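Let me begin by presenting the structure, written as structure tokens, before commenting on it.
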Amino acid sequence: MKREEQKGNSRQQEILKETMYLIRKGGLQAVTMKKVADRVGIKEASAYRYFPDKTQLLIGIIGGIKKILLKQLYKLQASDEAPTIKLQKIVTHHIQTVLKLNGLPIVFMAEVASSKKLDLTKHIKQILDEYRQIIEDLIIEINPDIEQPALVEYSTVLIGMSASLAIQVRVGTKVDLKQTAFETVLPLVIDGIANNTKKKNRKKQTKYKGKKRCSQKRL
């Protein structure tokens, strides 16, 4: 890589870093190209050389969040471990990443989604769709017979865990994650996934046996 390209990439990353700082302090409305340029220590016109407008700047932020949240998840999904272990590690990694960043990625994505700016929301949707696909692929691997409604319900619960914790962290609520999420809730959900069809079949069998006994009595 040429020296000028390295310098340009470094400046671009610096701009993204300072943009995240402004978002953390005041949300999307706090971000302007002038404020970002001032924090980086460059002229506003120079900032536009790296990002043509605020939308492209925020798309750059979304790209960074996507890399942080999904890159490791794909690696975990491709491992040779049992699907139950992979699912637990993926959700745990996602929760830990969100908490390490003080809940900011989830809060940022929620704010972008509520802004109804289609150029931005489509990128957020792509991240969520990819994450949901990873989760649902593993759920099906754990339980190939799981029905669509249950599949959607379980994936929503697992995705929602990090969102719920992110909100709690942002408002200052202290949560003992080792006890509530990693050791209790998450294994319970995964166990429910594995046994979902079996429980359903047992209910059907019990119902069938009951009808059979009633028929025999009538005879």
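The values are calculated or read from the model by the stated rules, or taken from the named source; none is laboratory data. Quick caveat, the model's predicted, so the values are computed rather than measured. We place every Cβ from the backbone using ideal geometry, glycine too, and count neighbours over all the protein chains shown.
For the reader, a short list of remarks on this structure follows.
- Index of the failed condition, Glu111 passing every other in (1) within 20 Å of Arg170 (Cβ to Cβ); (2) among the acidic types (Asp, Glu); (3) not assigned by TED's automatic domain parsing to the domain that holds Ser164: (3)
- Meets criteria (aliphatic (A, V, I, L, M), out of contact with any Ser or Thr (no Cβ under 6 Å at 6 or more places or on another chain), surrounded by 14 or more Cβ atoms within 10 Å (Cβ to Cβ) and within 21 Å of Val112 (Cα to Cα)) for Ile159: yes
- Qualifying residue in segment 192-210 (condition: in a helix (DSSP H, G or I), modelled with pLDDT of 95 or more and within 22 Å of Leu69 (Cβ to Cβ)): yes
- Matching option when the condition is under 22 Å from Tyr74 (Cβ atoms), out of contact with any Asp or Glu (no Cβ under 6 Å at 6 or more places or on another chain) and surrounded by fewer than 14 Cβ atoms within 10 Å (Cβ to Cβ), among Lys122, Lys174: Lys122
- Flag set for Leu138, criterion: part of a helix (DSSP H, G or I), within 22 Å of Leu70 (Cα to Cα), modelled with pLDDT of 80 or more and in contact with a Leu (Cβ under 9 Å, 6 or more places away or on another chain).
- Count of segment 44-67 residues which are over 17 Å from Tyr21 (Cβ atoms) and touching a residue at least 40 places away in the same chain (Cβ under 8 Å): 4
- Qualifying helices (runs of 4 or more DSSP H) (wholly inside segment 1-102; at least 2 residues being of a type in the set (A, V, I, L, M, F, W, C) and touching an Asp or Glu at 6+ places or on another chain (Cβ under 9 Å)): 33-40, 54-77
- Selection of segment 35-57 for residues being of a type in the set (S, T, N, Q) and more than 24 Å from Lys117 (Cα to Cα) yields only Ser46.
- Here Gly103 does not qualify as of a type outside the set (A, V, I, L, M, F, W, C) and surrounded by fewer than 15 Cβ atoms within 10 Å (Cβ to Cβ).
- Scanning segment 103-126 for residues that are under 17 Å from Gln56 (Cβ atoms) and part of a helix (DSSP H, G or I) gives Phe108, Val112, Ser115, Leu118, Asp119, Leu120, Thr121, Lys122, His123, Ile124, Gln126.
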